[in-house]
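Colleague: Before anything else, here's the structure in question.
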Amino acid sequence: MFGKKVAVVYFSRLGTTKEIAQAFPLEEGDKIYEIKPVQEYPSSLFKAMAASKVENKTGEFPEIIKDDIDLSKYDNILIGFPIWYATAPRIIFSFLRENDMSEKTLFPFCTSHLAGVEQATADIREFYKKQNVNVKDGKRFKKYSEQTIKELLDF
Ligand SMILES: Cc1cc2nc3c(=O)[nH]c(=O)nc-3n(C[C@H](O)[C@H](O)[C@H](O)COP(=O)(O)O)c2cc1C
C-alpha cells in the first residue's frame, strides 16, 4: 500500500503506541523497530512528566540503546510515539538525528489522551528544514482498534 518497503519505528512508554505499531500488517521485507531509551522513563506519571519537562526545556537528545538498525533499504518510515507535552518526546528527535532520513518519507503517528499530532508534525518538519525529508501530515489515535490500522494503511 505504501508502494515501497516500510519500516515501522516506534517509542512507547506504556504500550499504547506499541500495540498499534505491532498490529501494523508488515509485508515481506518490511521491518519493525522499537526505540528504547538507555535511561528508562519512570513508571510514575508524575515522574515521567517531570523527566519529559526537563528534556523539553534543555532540548536534549536522550540516549537510545544502540542497535544494528539499518534503514537504508527503507523509503517509507512509519514513526510512532506518544504525545508528551503536545509534541513528540525528545527521544524521537534523538532517533531522527542518528538516522539519515534524507530522501525518505516519514509517516508520523501518535497516541495521546487529547492532544492532536499537528504540533509534533510541525516540530519534525522544523527539525528537517534543511534536509530533503518528506514528512506527511501525522495521524493521532487514542488507542489501538481495527480502525486505527485502516487509517494507517490509508496514510
Ligand atoms: C510525560 C507525558 C506527557 C504527556 N503529555 C500529553 C499531552 O500533552 N497531551 C495529551 O493528550 N496526552 C499527554 N500524555 C498522555 C500520553 O500521550 C498517552 O497516555 C499516550 O497514549 C501514551 O502512550 P504509550 O503508552 O505508548 O507510552 C502525556 C504522557 C506523559 C507520560
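Coordinate-derived values only; no laboratory data. Fair warning: this is a prediction, and the values are worked out from it, not measured in the lab. So basically every Cβ, Gly included, is an ideal-geometry build from the backbone, and we count neighbours across all protein chains shown.
Colleague: Looking at the chain as a GNM with Cα springs under 10 Å, which of Lys73, Lys36, Lys130 has the largest mean-square fluctuation?
Modeller: Highest fluctuation of the listed residues: Lys130.
Colleague: Mind checking Rg over Rh on segment 6-153, alpha carbons, Kirkwood formula for Rh? Mind dumping the intermediate values first?
Modeller: On the way: Rg = 14.3 Å, Rh = 15.4 Å.
A ratio of 0.93.
Colleague: Here's a follow-up. Please work out the C-alpha center-to-center distance from segment 114-155 to segment 54-90 and express it in whole Å.
Modeller: 13 Å
Colleague: What longest range of the chain stays clear of loop-exposed GluC sites (Glu not before Pro) (DSSP non-H/G/I/E/B, at most 14 other C-beta within 10 angstrom)? The partial results should precede the final answer.
Modeller: Numbers: sites that count: Glu27, Glu28, Glu40, Glu60, Glu63, Glu103.
Counting only loop sites that pass the neighbour cut-off, the longest clear stretch is 104-155.
Colleague: Hey, another quick one. Go through Gln131, Leu152, Ile91 and say which Cα lies farthest out towards the positive end of the charge dipole of the chain; charges sit on Cβ, +1 for Lys and Arg, -1 for Asp and Glu.
Modeller: Ile91
Colleague: Hey, another quick one. Which residue, Gly138, Gly15, Gly80, tops the fluctuation ranking in a GNM of the chain built on C-alpha contacts under 10 Å?
Modeller: Among Gly138, Gly15, Gly80, the largest mean-square fluctuation in the Gaussian network model of the chain belongs to Gly15.
Colleague: Taking 0.36 nm per intervening residue step and subtracting the Cα-Cα distance, what contour gain separates Ile65 from Lys31 on full extension?
Modeller: Values: separation 34, 0.36 × 34 = 12.24 nm, distance 1.78 nm.
Taking Ile65 through Lys31 to full extension adds about 10.5 nm, to one decimal.
Colleague: GNM, the chain, Cα, under 10 Å: largest mean-square fluctuation among Val54, Val117, Val133?
Modeller: Maximum among the listed residues: Val54.
Colleague: In percent, what relative contact order does the chain have, based on Cα pairs under 8 Å that are 6 or more apart in sequence?
Modeller: Details: 257 pairs, mean separation 39.3, N = 155.
Normalised by residue count, the contact order of the chain is 25 percent.
Colleague: Another one. Taking 8 Å as the Cα distance limit and 6 or more residues as the minimum spacing, I'd like the relative contact order of segment 17-68 as a percentage.
Modeller: Numbers: 21 pairs, mean separation 20.4, N = 52.
After rounding, I find 39 percent.
Colleague: Same structure again: In the structure shown, do any of Lys31/Lys150; Lys104/Lys130; Lys129/Lys150; Lys4/Lys139; Lys4/Lys53 have a Cα-Cα gap over 25 Å, and if so which?
Modeller: On the way: Lys31/Lys150 19 Å; Lys104/Lys130 14 Å; Lys129/Lys150 30 Å; Lys4/Lys139 20 Å; Lys4/Lys53 37 Å.
Table pairs above 25 Å Cα-Cα are Lys129/Lys150; Lys4/Lys53.
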